[in-house]
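The values are calculated or read from the model by the stated rules, or taken from the named source; none is laboratory data. Everything numeric in this text was worked out from a predicted model, so none of it was measured. Note that each Cβ is placed from the backbone with ideal geometry, even for glycine, and that neighbours are counted across all protein chains shown.
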There are 2 protein chains.
Amino acid sequence: MADVPPNKLSAVAAAREIAAGRLTCEALARACLDRIEAREADVAAFSALDADSVIAKARHLDRQSSRGRLHGLPIGIKDVLDTADLPTQMGSSIYRGNQSRADSAIVAMSRAAGGLIFGKTVTCEFAGMAPRGTRNPHDLARTPGGSSSGSAAAVADFMLPLAFGTQTGGSILRPASFCGIIGYKPTYGTFSRQGLKFAAESLDTIGLFARDVEDIALFADALLGHSSLPATKLAKPRIGLCRTYLWDTKAESETRMAVEEAARRAEAAGALVSVFDLPPGFEDLSIAREVINDVERSRSLAWEWMEHRADISPQLTRSVAAGLKTPEETYIRHLRRAEELRAHFGHATASFDGLIAPAVNGEAPRGLDYAGDPALQALWTLLHVPTLALPAARGPNGMPVAIQVVGRRDEDRKMLALALWLRDEAGIQLPAVMKLSSNQRTAPQASMERGGV
Amino acid sequence: MADVPPNKLSAVAAAREIAAGRLTCEALARACLDRIEAREADVAAFSALDADSVIAKARHLDRQSSRGRLHGLPIGIKDVLDTADLPTQMGSSIYRGNQSRADSAIVAMSRAAGGLIFGKTVTCEFAGMAPRGTRNPHDLARTPGGSSSGSAAAVADFMLPLAFGTQTGGSILRPASFCGIIGYKPTYGTFSRQGLKFAAESLDTIGLFARDVEDIALFADALLGHSSLPATKLAKPRIGLCRTYLWDTKAESETRMAVEEAARRAEAAGALVSVFDLPPGFEDLSIAREVINDVERSRSLAWEWMEHRADISPQLTRSVAAGLKTPEETYIRHLRRAEELRAHFGHATASFDGLIAPAVNGEAPRGLDYAGDPALQALWTLLHVPTLALPAARGPNGMPVAIQVVGRRDEDRKMLALALWLRDEAGIQLPAVMKLSSNQRTAPQASMERGGV
């Protein structure tokens with residue numbers, strides 16, 4: 001690995017090098033800090049970072065004899081999650097300098113596994129729709145997506161191998177796709193939300209970013225105390241091609257081509273691929289997600305609305321105002337409709353190992369004022385199922401475009417195994433991203449890299 | 001009302017007096033402060049209280065022209081809920097002096113409705129099983145129950161008309177019963193948990209204490225923006241008598257007699273009462289609740305466990321250790337089993353307006369080291385249904401004993417209407433409690449007050 005700068009190693013590779021004594025936690029941390037110093041003025045991924053403290057923590061880890069599975073791995077924390085040693089400012093002036101007593105649960109769990117909590121990453125205001133200046137590392141004139149903007153950009157730009165995000169609509173999957181990395185939203189409820197500022201309580205899901213599917217598995221396994229993935233290799237996966245009811249109105253040509261091509265490749269590689277249309281009625285997911293989002297945001301932000309209304313962005317003001325106007329009965333009706341659709345989805349997908357679906361409208365839009373459309377991610381968030389963004393193609397401007405791998409509820413490990421199968425057997429994953437994040441594999445998918453897929 | 005000290009008024013009566021200009025917010029606040037000064041050394045209900053700030057807030061409210069539905073009503077806040085102007089210490093030395101930037105959502109909503117946030121009330125350690133010294137106002141040698149110890153004791157002792165609690169096992173219904181007041185645990189998810197320290201995320205439910213059912217309705221309606229209760233009066237309620245599978249092992253004679261007598265009275269008053277046995281399999285609720293509780297507590301307390309383990313009580317240490325040992329698959333299996341039982345319960349109770357069930361084992365135990373057994377409350381917490389403690393009898397030592405009124409999920413208002421019907425038509429509610437909290441009604445239920453019901 002001597003020719004790969006430590007900050008460009010995958011998490012799995014870095015952990016292996018550290019365990020073998022060929023890399024110190026400090027050297028890895030310094031490589032990440034160097035990258036950040038070189039690029040942060042352009043990318044603007046961090047809201048809080050203390051380099052001296054990072055080095056001190058890395059040295060402390062180098063002196064420890066007991067070693068967790070994340071030993072020395074730098075981890076970025078979306079700035080809606082509390083950290084005991086760094087401020088949590090939530091992308092809002094209302095929380096400038098806000099310091100919690102405790103770590104959020106997932107931060108403490110990461111530290112317990114040996115992870116090096118590196119810094120806080122920029123979030124859109126309260127994990128919502130108002131961006132806070134982060135740029136897409138692939139094209140600084142474009143949004144990295146949101147609301148987990150800083151986490152996605154930092155991982156994509158080789159500043160960090162791992163980071164936490166949260167998704168309420170599409171705040172993990174969309175920035176992962178726009179930045180060409182892996183974004184994983186687990187089954188709702190997988191990671192404790194203690195210490196998370198809620199956006200919308202019945203939707204908010206903590207998830208992970210990395211540059212490789214194996215890194216996601218390592219990260220999740222370490223946090224959940226699982227044995228390492230994959231427990232079982234998929235042989236002949238049964239895949240549903242789910243274009244969704246938004247295909248005609250939302251999916252741009254690069255997304256359509258990426259999804260169709262992924263299905264073709266999977267079939268060619270031996271998968272049983274069949275079209276899976278969401279049953280009639282599932283289009284209710286979009287409006288239900290929006291109503292629930294507005295109502296619950298208006299409640300989560302009760303204090304900010306009462307005391308600091310002038311400091312809330314126009315986007316979020318619209319959402320809160322819509323939520324406050326919604327009758328309780330309407331909100332409950334949408335909540336219960338979502339429960340029905342979750343149960344229905346479980347029955348309807350019983351014969352599949354997972355689905356392939358569009359992840360985003362298309363490549364990252366130009367400009368920094370708009371973090372992109374959450375529609376194609378949001379329906380799955382409301383279904384509470386695990387999903388993963390797998391970078392699969394490039395759009396007309398050379399920007400990455402992911403497909404979305406969707407699992408059944410609680411079948412996160414099968415979904416991760418399917419993502420690995422799609423990459424290794426069907427050859428789906430952007431080689432440009434692969435090349436930089438890991439140098440062990442040869443990927444035969446050159447044709448998917450060409451403009452317009 | 002001239003002969004009733006303001007602190008002994010029900011919330012509804014106090015609100016009416018304030019609206020009519022016959023009572024100022026300051027006079028009400030001073031009456032509560034006087035009561036607290038006289039009794040707090042014995043009862044120990046508060047963990048934080050600033051009398052000067054209370055008076056200042058009351059005067060400010062008296063000067064306001066716009067008036068919410070809780071205008072000037074003193075409200076106690078269980079000390080696991082953040083308040084911007086008072087510390088949140090969670091019954092744990094780990095959080096000594098801990099100060100949040102923001103109010104929790106329900107505190108902000110209370111203030112927005114004109115409520116006077118009065119002080120923080122004592123909680124068992126992290127809303128768990130380790131009491132923190134609060135005494136039962138009816139007998140200082142007995143526990144007030146827990147974990148919402150201070151909220152229940154303060155309301156029962158006429159220090160405050162209203163208070164918030166939280167329930168993860170039985171932390172609202174049990175102290176309400178032990179203290180002879182109304183405790184209301186709404187349908188899971190009713191009140192936003194923003195700013196609540198989680199005990200167990202899929203169980204934690206924020207609820208309310210008051211001395212009267214109407215006060216609960218006023219409080220809930222104000223927070224949810226509902227019109228005032230009751231929208232419809234129940235005529236001939238269909239009531240299930242649900243002794244539960246714990247009747248033989250948990251319900252002591254005073255509880256059995258209170259429940260049976262309540263059913264007899266309801267029938268005599270015109271209700272359609274029939275026995276409703278929880279279907280076979282529902283006994284899984286108890287073990288599922290315990291597993292979920294332990295696992296989720298171990299996650300909520302990840303930081304405390306890692307950084308301050310020596311400061312965690314033996315009770316909580318056992319729960320966290322059990323949670324950490326539980327395989328993820330076991331936890332998920334119990335979570336999904338609970339979902340099945342919730343759906344099953346909905347179908348099985350479709351023909352009822354509500355149930356009458358035992359609320360507690362019996363009267364409050366002697367001593368302050370043990371806050372009582374949550375078993376008879378906990379199964380309903382896991383079912384996510386609304387429940388209410390209605391003081392109905394006295395035990396062999398003259399301590400109050402409640403029955404539990406149980407509603408179907410989302411049918412909170414019907415459950416409150418049923419509680420009103422049980423009180424007004426069937427004459428079920430302790431007159432001793434009635435007499436002190438409200439002087440407008442005449443209650444014909446003297447026989448239920450005698451020792452041993």
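A:Arg337 passes all but one of (1) closer than 21 Å to A:Ser202 by Cβ; (2) out of contact with any helix residue (DSSP H, G or I) (no Cβ under 8 Å at 6 or more places or on another chain); (3) buried (at least 16 other Cβ atoms within 10 Å of the Cβ); which number fails?
Condition (2) is where A:Arg337 drops out.
Got a sec? Which of B:Ala343, B:Ala371, B:Ala359, B:Ala322 is touching a residue at least 40 places away in the same chain (Cβ under 8 Å) and out of contact with any strand residue (DSSP E or B) (no Cβ under 9 Å at 6 or more places or on another chain)?
B:Ala371
B:Gly97 is checked against (1) within 10 Å of chain A (Cβ to nearest Cβ); (2) within 19 Å of the chain's Cα centre (by Cα); (3) at positive phi and fails just one. What number does that condition carry?
Failed condition: (2).
For the range B:300-347, which positions are facing another protein chain (nearest Cβ under 8 Å), small (Gly, Ala, Ser) and farther than 22 Å from B:Thr381 by Cβ?
The one that is facing another protein chain (nearest Cβ under 8 Å), small (Gly, Ala, Ser) and farther than 22 Å from B:Thr381 by Cβ: B:Ala302.
Scan the range A:250-309 for residues that are buried (at least 16 other Cβ atoms within 10 Å of the Cβ) and either among the aromatic types (Phe, Trp, Tyr) or touching a His at 6+ places or on another chain (Cβ under 7 Å) (or both) and jot them down.
Correct list: A:Phe276, A:Phe282, A:Ala288, A:Val291, A:Ile292, A:Trp303, A:Trp305.
Determine which member of the set B:Gln377, B:Gln404 is in a helix (DSSP H, G or I), polar (S, T, N, Q) and assigned by TED's automatic domain parsing to the domain that holds B:Thr190.
Just one listed residue meets the conditions, B:Gln377.
Considering every residue within the range A:208-217, establish whether at least one is buried (at least 18 other Cβ atoms within 10 Å of the Cβ), closer than 30 Å to A:Lys120 by Cα and among the aromatic types (Phe, Trp, Tyr).
Looking for residues that are buried (at least 18 other Cβ atoms within 10 Å of the Cβ), closer than 30 Å to A:Lys120 by Cα and among the aromatic types (Phe, Trp, Tyr), one finds at least one in the range A:208-217, hence yes.
Give me a count of the residues in the range A:12-49 that are within 23 Å of A:Cys124 (Cβ to Cβ) and assigned to a helix (DSSP H, G or I).
Residues meeting the conditions: 6.
Just for the range B:186-230: of the residues that are within 9 Å of chain A (Cβ to nearest Cβ) and charged (D, E, K, R), which one is farthest from B:Met415 (Cα to Cα)?
B:Lys197
Condition test on A:Glu329, is it of a type in the set (D, E, K, R) and free of Cβ contacts under 8 Å to residues at least 24 places away in the same chain?
yes
Within the range B:106-136, track down each residue that is of a type in the set (Gly, Ala, Ser), assigned to a loop (DSSP other than H, G, I, E, B) and surrounded by fewer than 24 Cβ atoms within 10 Å (Cβ to Cβ).
B:Ala113, B:Gly114, B:Ala130, B:Gly133
If B:Ala378 satisfies every condition in (1) closer than 28 Å to B:Asp424 by Cβ; (2) within 17 Å of the chain's Cα centre (by Cα); (3) small (Gly, Ala, Ser) but one, which is the exception?
Here B:Ala378 meets the rest and fails (1).
Give me the pairs, please: first residue somewhere in the range B:106-132 and at the interface with chain A (Cβ under 9 Å from one of its Cβ atoms) and within 13 Å of B:Phe219 (Cβ to Cβ), second residue anywhere and part of a helix (DSSP H, G or I) and of a type in the set (A, V, I, L, M, F, W, C), beta-carbon distance under 6 Å, and either six or more positions apart or on two chains.
From residues that are at the interface with chain A (Cβ under 9 Å from one of its Cβ atoms) and within 13 Å of B:Phe219 (Cβ to Cβ), the pairs are B:Met109/A:Ala302; B:Met109/B:Leu223.
From the list B:Gln99, B:Gln89, exactly one residue is touching a residue at least 24 places away in the same chain (Cβ under 8 Å) and surrounded by fewer than 22 Cβ atoms within 10 Å (Cβ to Cβ). Which is it?
B:Gln89 is the lone residue from the list that is touching a residue at least 24 places away in the same chain (Cβ under 8 Å) and surrounded by fewer than 22 Cβ atoms within 10 Å (Cβ to Cβ).
Could you go through the range B:137-157 and let me know if any residue there is in a loop (DSSP other than H, G, I, E, B), more than 10 Å from the chain's Cα centre (by Cα), aliphatic (A, V, I, L, M) and away from chain A (no Cβ under 14 Å).
yes
Is it the case that B:Ala262 is in contact (Cβ under 8 Å) with a residue 12 or more places away in the chain, within 19 Å of B:Arg394 (Cα to Cα) and out of contact with any Cys (no Cβ under 8 Å at 6 or more places or on another chain)?
yes
Mind telling me which of the residues A:Val273, A:Val295 ends up being at pLDDT 95 or above, of a type in the set (A, V, I, L, M) and not in a helix (DSSP H, G or I)?
Only one candidate passes the filter, namely A:Val273.
So, in the range B:67-115, how many residues would count as being farther than 22 Å from B:Ser313 by Cα and in contact with a Leu (Cβ under 7 Å, 6 or more places away or on another chain)?
Residues that pass the stated criteria total 15.
Output the residue which, of all residues in the range B:43-72 that are within 25 Å of B:Gly145 (Cβ to Cβ) and touching an Asp or Glu at 6+ places or on another chain (Cβ under 9 Å), is surrounded by the fewest Cβ atoms within 10 Å (Cβ to Cβ).
Only one residue fits best here, namely B:Ala48.
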